[in-house]
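S.K.: Take a look at the following structure, please.
The values are calculated or read from the model by the stated rules, or taken from the named source; none is laboratory data. What you are looking at is a predicted structure, and each value in this text was computed from that prediction instead of being measured. Please note: Cβ atoms are built from the backbone with ideal geometry, for glycine as well, and neighbour counts cover all protein chains shown.
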Amino acid sequence: MTIRTMILSGLIYLVLLPMISHAKVDYISLHKIESPVRQPLSLKLNIVEKHQKSQLKFTLLNQNTETTLDYQRINNYMLRLKSPHYIIGKASVLVYEFEKNAWQHTNSVDISNSLIATEVDKKALAKVSEIKTQCRLIHEPKETLWSIASRYKDNWNVDIFSAMLAIYKSNLNKFAKQHIGQLINNVELACPSTKTITMMGEKAEMKAEFNRLNNSSSQ
């Protein structure tokens, strides 16, 4: 290799370097769809990562609508993903990784089936689109309930304990064993309703209620 070729190769590498993906997922594929047809989706994915417990997000793309999937790790090489919705026809799981302070789409997994949408299916899909437009709180990877509540308490004109309780009461299924101290990572959180926020009491009372829930057994 001549010096000129080496220099040219080096320049090309420097130009392409920012474009090189730093994806942490080496391999991902469908292991099994567990749910019956026209039932809330539950599936398993095989996954191999450069680093265990990468910051990941999964969404379901079906009928031109993208919704977030809840997920849990079964072991180091398998995940379970769930959705309250079922899939019709062409569908994919989109994989996002948190890089450079933003979510980057890095993989797709085909989970299509041969179903054809009926009128009942179309109504269900329309409801999914409607739900998708409802208010959602910002929930960064590995963020605590305290941090999320701190972001919104001033907008809601409540104290930190009232904000945490309002979020908790509006998202009970997003806390492991419905324990206020066990917010599940990588899940969407619904905004508390105005009614829920106005039902919050004085700070001392809300602090006592938070401590009671936090100190209760998670078993």
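S.K.: Scan region 82-127 for residues that are under 20 Å from HIS139 (Cβ atoms) and hydrophobic (A, V, I, L, M, F, W, C) and jot them down.
M.R.: VAL93, LEU94, VAL95, PHE98, ALA102, TRP103 - these are the residues of region 82-127 that are under 20 Å from HIS139 (Cβ atoms) and hydrophobic (A, V, I, L, M, F, W, C).
S.K.: Can you name every residue in region 136-165 that is among the aliphatic types (A, V, I, L, M) and either more than 18 Å from MET206 (Cα to Cα) or under 14 Å from the mean Cα position of the chain (by Cα) (or both)?
M.R.: LEU137, ILE138
S.K.: Restricting to region 86-95, count the residues that are surrounded by fewer than 20 Cβ atoms within 10 Å (Cβ to Cβ) and under 15 Å from the mean Cα position of the chain (by Cα).
M.R.: 1
S.K.: Here's another thing I want to ask about it. Does region 167-192 hold any residues that are assigned to a helix (DSSP H, G or I) and either among the β-branched types (Val, Ile, Thr) or over 14 Å from PHE210 (Cβ atoms) (or both), and which are they?
M.R.: ILE167, SER170, LEU172, ASN173, LYS174, ALA176, LYS177, GLN178, listed by residue number.
S.K.: Just for region 161-173: of the residues that are free of Cβ contacts under 8 Å to residues at least 40 places away in the same chain and surrounded by 19 or more Cβ atoms within 10 Å (Cβ to Cβ), which one is farthest from PRO84 (Cα to Cα)?
M.R.: The selected residue is ALA163.
S.K.: Take region 96-115 and flag every residue that is at pLDDT 90 or above, exposed (fewer than 13 other Cβ atoms within 10 Å of the Cβ) and farther than 18 Å from ILE47 by Cβ.
M.R.: Matches in region 96-115: SER112, SER114.
S.K.: Okay, next question. Among the residues of region 129-145, write down those that are at pLDDT 80 or above and either among the hydroxyl-bearing types (Ser, Thr, Tyr) or under 24 Å from ASN64 (Cα atoms) (or both).
M.R.: Once the filter is applied, which keeps residues that are at pLDDT 80 or above and either among the hydroxyl-bearing types (Ser, Thr, Tyr) or under 24 Å from ASN64 (Cα atoms) (or both), region 129-145 yields LEU137, THR144.
S.K.: Which number in (1) at pLDDT below 90; (2) in a helix (DSSP H, G or I); (3) not polar (S, T, N, Q) marks the one condition that ALA163 misses?
M.R.: (1)
S.K.: Tell me which residues, restricted to region 43-81, are modelled with pLDDT of 90 or more and loosely packed, with under 15 Cβ neighbours inside 10 Å.
M.R.: Across region 43-81, the qualifying residues are ASN46, VAL48, ILE74, ASN75, TYR77, MET78.
S.K.: Enumerate the strands (runs of 3 or more DSSP E) found wholly within region 61-160, keeping only those where 1 or more residues are small (Gly, Ala, Ser) and touching a residue at least 12 places away in the same chain (Cβ under 8 Å).
M.R.: Correct list: 91-99, 102-110.
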